[in-house]
Structure formats: structure tokens, C-alpha cells
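Report on one structure; see the data block that follows.
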Amino acid sequence: MARKNPFANILDSDERPVERSIVEYAARGASRSILSTLDEMASRADKLASGETIVELEPDIVDVSFVRDRRADNEQEFSELLEAIRENGQNSPILVRPHPKTTGRYMVVFGHRRVQVAKALGRKVRAVIKQMEDREHVLTLGQENSARANVPFVERALFAADLARLRYDEDNATILKALSIDRTTLSKMLSVAALPADILEAIGEAKGIGRDRWYELKLLMDKPSNHDVASEVISEAGFSALPSDARFDLLVRRLKSASSRRRTQSGPQKRSWTPKGGSLSADITTDAKRFTLAIKAKSSEARAFGDYLSENLDRLYEAFRRDSTQPREEP
């Protein structure tokens, strides 16, 4: 509600003509500027209350958001922002809210790096102050990031996972609205965010890697045997020195290679058997859980031998178990 000029009733009163003429006379001189200043102060107070006025705050009284949209700090981007603000000033204000728990302090809604730059330069940070609850805070932060094209997918995925843990609603409607995404994308985001923390930290923001490739990594990591491979890769000398996108590419490439080797090694193996002086032969195919013996001959001997094996399977199996459980003699 707009604040009224405290002298408005005097100026508008028709009941006291003498006083009105005096005020009108005064308003033509220095008093006009006083009245104008009071109007401006009232308007500024209204705008400040509604979050429309830019103020300057000491960075030391501004705290980070209770939910973060970015994990990784890109040193190059920070340096570029610092130099731009050093030379041209802070053109774009941050958005803060009065701290919900500490009087006299503020919490960043968005603009964390600009606060860090201001602190590094020893300057005040330009900010818009707006009163809001946690859910509005989340929606504002998410929608501000959705409008930016340079937010890495994995950072948005981790942000979505943080919001999911807050459980503002049972159907994730708040997350969908905050990030402007559909349920399929949210499902993939939450899957990616559930990757092992050491893997996510080792890769970093990977700004050039999109949703589908991150989800491909998630599917590769669903195989338990790939966990050890991934740990070996990220521990190798030189891995951390690679650019973030290159770290992602190397890890995926190595996981695919390991899976391919396992498939080759576990594939069926074939061999053949022919007895001395016999008129039959056998094709043998084996894999991890199956043994296939195909006997063939030009005469009826193949069937006869097969029948013999079938009739003696019990005896042969007992002999196999007996031999396999007996300790072997040392040479």
C-alpha cells in the first residue's frame, strides 16, 4: 500500500484557506523540494518492501542459499566476472531475502558468485531484497537458472535431487515448475544425481555433456562390475588434469571397453572331439553356464554312443564328483 505524503491533507483542505495559501506560497520555494523528497522517500519505501529497489549490502552479512544450484566453481568464469565487475561495476543486481533465522542478515536467492566477487574486491554488492518463503525461493532460483543456457546438466540434476529431498509435494510439481521440465527428464535427472559422489566429483560440471550422455553413464554404472573400473579410471595419474568434458569421455570410453571385453570373454567357446579309430565325432560348445555335446556319425554309432552316455550319466556324475573332491597329491 503506497504511503501518503504527510502534507497532502494540508494541501487539499478547503476548510482553512489562509493556511492553504501559505503552504502554496512556501511550496514555490525551498519547501517544494522538501515535499518532493518526502514523496520520493515514501515511494522508495514501498518499492523496497515489494523488492523493486536496488540497495547496496556488505557481502559479510549475506549468506548462501539453503539450496544450491551450482556445486562446481569454474575458476575461469569467476576470474572473467571479477575483471568485468572491477572495470565496469556490477550491472546486474543479485536477489536476496531477509534471513529466515538470523535478524540483520540476508540469504542469497541467486547471485552467489557476484557476492564472492564483491567480497574479493572489497566492495558492497548491489542487491534486490524481497521477502519470500522457502518454496518461492526455490521456484525463483530454479526459474532464473532455466532462463540461462550455460547451466550444466549435472548441476541441474543435483539441484533437482536436493529439491526432491525437501519434499514440498508428493508429485514433484514444485521441481517440475522450478526447472521447467517434464517427468521423463526429471526421472533421468534424479538417476544421474544418484551416481556415486566420488564419480560426480571427479568428473566435475562437464558443461558440454548433455542429458542423454549422462544417462548413458548412469546405465553403464548400473553394472556392479563397472564400479571397480570407474574407481581405477578416476584414480589414474593425469585424470584430474584433463578438462571436465574430457574426463567424462575417458571414463565412458573405458567402461564401454571393459564391458566389451567381458562379453568377448564370456561368449561361447567351441571345440571338437574325434576318438582314435572311431567313426563318429562330437562338437562341444561351452559358455559360463552351459555345456553342449553334439555327437554325429555316418552310421548309427552316434545314436548308440549317445544312448550309452545317457544310461550311464549317474555313474559318470558320481565319478566326476568323487574325483573333483579328492585332494590332489603334491608332485
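What follows is calculated from the coordinates using simple rules that are stated; it is not laboratory data. All of these numbers come straight from a predicted model, not from anything done at the bench. Counting neighbours? That spans all protein chains shown, and the Cβs are built from the backbone with ideal geometry, glycine included.
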### Task
Largest first and in whole Å, give the semi-axes of segment 65-198's equivalent ellipsoid, each being the square root of 5 times a Cα gyration tensor eigenvalue.
27, 19, 12
#### Entry: Virtual spin-label span in nm between Asp283 and Leu313, 7 Å along Cα→Cβ
2.1
### Net lengthening on full extension, Arg135/Asn150 (0.36 nm per residue, minus Cα-Cα)
3.0 nm
### Query
To the nearest 0.05, what FRET efficiency results for Ser324 and Thr274 with a Förster distance of 22 Å applied to their C-beta separation?
0.30
### Directionally averaged shadow of segment 142-229, computed from the convex hull of its alpha-carbon atoms, nm²
5.9
### Query
Counting pairs of alpha carbon atoms under 8 Å apart in space and at least six apart in sequence, what relative contact order in percent does segment 119-245 give?
26
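Gain in length, Lys177 to Glu232, computed as 0.36 nm per residue apart minus the alpha-carbon separation, to one decimal in nm?
Values: separation 55, 0.36 × 55 = 19.80 nm, distance 3.91 nm.
15.9 nm is the gain from fully extending Lys177 to Glu232.
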